[in-house]
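Presented below is the structure to which this report refers.
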Amino acid sequence: MVSRNQQGPIYEPGKPLSEQFRGEILSMYNPGFCKKQISCDLQVTAPTVRKIIRHFQQYGTLTAFSHRRS
């Protein structure tokens, strides 16, 4: 199922953003862009930006962890 987020772009629910895109978020955050500005510039929701930054700060990686249970 394909959806649109609040900013407009298409995404697939449950599918993590690419590491390249996550890196772009982080590269904007480090020089001092605020999370809200990153959200607007990259057309993703602010909670998504916060989660990616928090994930990197806690785990030191941009790789998304799987939440699937086997």
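No lab work stands behind these numbers, since they all come straight from the coordinates. Computed from a predicted model, the values in this text were never measured in an experiment. Cβ atoms come from the backbone with ideal geometry, glycine included; neighbour counts cover every protein chain shown.
The table below gives the values:
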| item | result |
| --- | --- |
| Full-extension gain in nm, Cys40 to Lys15, via 0.36 nm per residue minus C-alpha separation | 6.9 nm |
| Surrounding net charge for Ile25, when Lys and Arg each add one and Asp and Glu each subtract one, Cβ distance under 14 Å | +3 |
| Neighbourhood charge, 9 Å Cβ-Cβ cut-off, centred on Ala46 and excluding it, Lys, Arg +1 and Asp, Glu -1 | +3 |
| Eligible lysines near Lys15 by straight Cα distance, threshold 18 Å, same-chain separation 8 or greater | Lys51 |
| Charge context of Thr61, other residues only, Cβ under 14 angstrom, K/R +1, D/E -1 | +2 |
